[in-house]
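Report on the following structure.
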Amino acid sequence: VSARHCMQILVPGIALQEFQRAAKFSLYPNPVEGLLHIRAAEEGTPFLEILDIRGKILFKKMLSHNNRWQVKVDHLSPGYYFIRVDGQTSRFVKK
């Protein structure tokens, strides 16, 4: 004996804004050894945070008014990190 039951499930646009948002900044090189370059889409004075994979904040700083910055990361151990610039998060690898 077998039975078939079909049900239509409508799922609202979960995290749709996340995909539509343009990136506010880019990072290079990635992976990085000593100096991480950050380029923003617009000029501003953003707040920067670097977090480890557990979410612990390792570094935070208000950046100068510009759209390009350099951050020394040579003090970090090799591994994966997150960088948050004005609320938008990206990840990078420290060699």
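Tabulated data for the structure shown
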read-out: Inter-residue pairs, beta-carbon under 6 Å, first under 17 Å from ARG91 (Cα atoms) and in the stretch 43-63, second surrounded by fewer than 12 Cβ atoms within 10 Å (Cβ to Cβ), 6+ apart; value: PHE47/MET62; GLU49/ILE57; GLU49/LYS60; LEU51/ILE57; ILE53/TYR80
read-out: Subset of the stretch 18-58 (residues that are of a type outside the set (A, V, I, L, M), within 20 Å of TYR81 (Cα to Cα) and touching a His at 6+ places or on another chain (Cβ under 9 Å)); value: SER26, TYR28, PRO29
read-out: Total residues in the stretch 68-95, condition open to solvent by 70 Å² or more (accessible area, probe 1.4 Å) and in a loop (DSSP other than H, G, I, E, B); value: 6
read-out: All positions within the stretch 67-95 that are farther than 18 Å from VAL32 by Cβ and in contact (Cβ under 8 Å) with a residue 24 or more places away in the chain; value: ASN67, ASP86, GLN88
read-out: Top-ranked residue in the stretch 18-28 [being in a loop (DSSP other than H, G, I, E, B) and more than 18 Å from GLU49 (Cα to Cα); ranked as modelled with the lowest pLDDT]; value: ARG21
read-out: Output for the stretch 40-62, where each listed residue is of a type outside the set (Asp, Glu) and more than 16 Å from the chain's Cα centre (by Cα); value: GLY44, THR45, MET62
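Condition check ((1) modelled with pLDDT of 95 or more; (2) surrounded by 10 or more Cβ atoms within 10 Å (Cβ to Cβ); (3) hydrophobic (A, V, I, L, M, F, W, C)) across all residues:
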position: HIS5; (1), (2), (3): no, no, no
position: LEU16; (1), (2), (3): no, no, yes
position: PRO31; (1), (2), (3): yes, yes, no
position: GLY34; (1), (2), (3): no, yes, no
position: GLU42; (1), (2), (3): no, no, no
position: PRO46; (1), (2), (3): no, yes, no
position: ILE50; (1), (2), (3): yes, yes, yes
position: LYS56; (1), (2), (3): yes, no, no
position: ASN66; (1), (2), (3): no, yes, no
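The values are calculated or read from the model by the stated rules, or taken from the named source; none is laboratory data. Everything numeric in this text was worked out from a predicted model, so none of it was measured. Note that each Cβ is placed from the backbone with ideal geometry, even for glycine, and that neighbours are counted across all protein chains shown. Just the protein is used for accessible areas: all its heavy atoms, side chains included, with ligands, DNA and RNA removed. Shrake-Rupley method; radii C 1.70, N 1.55, O 1.52, S 1.80 Å.
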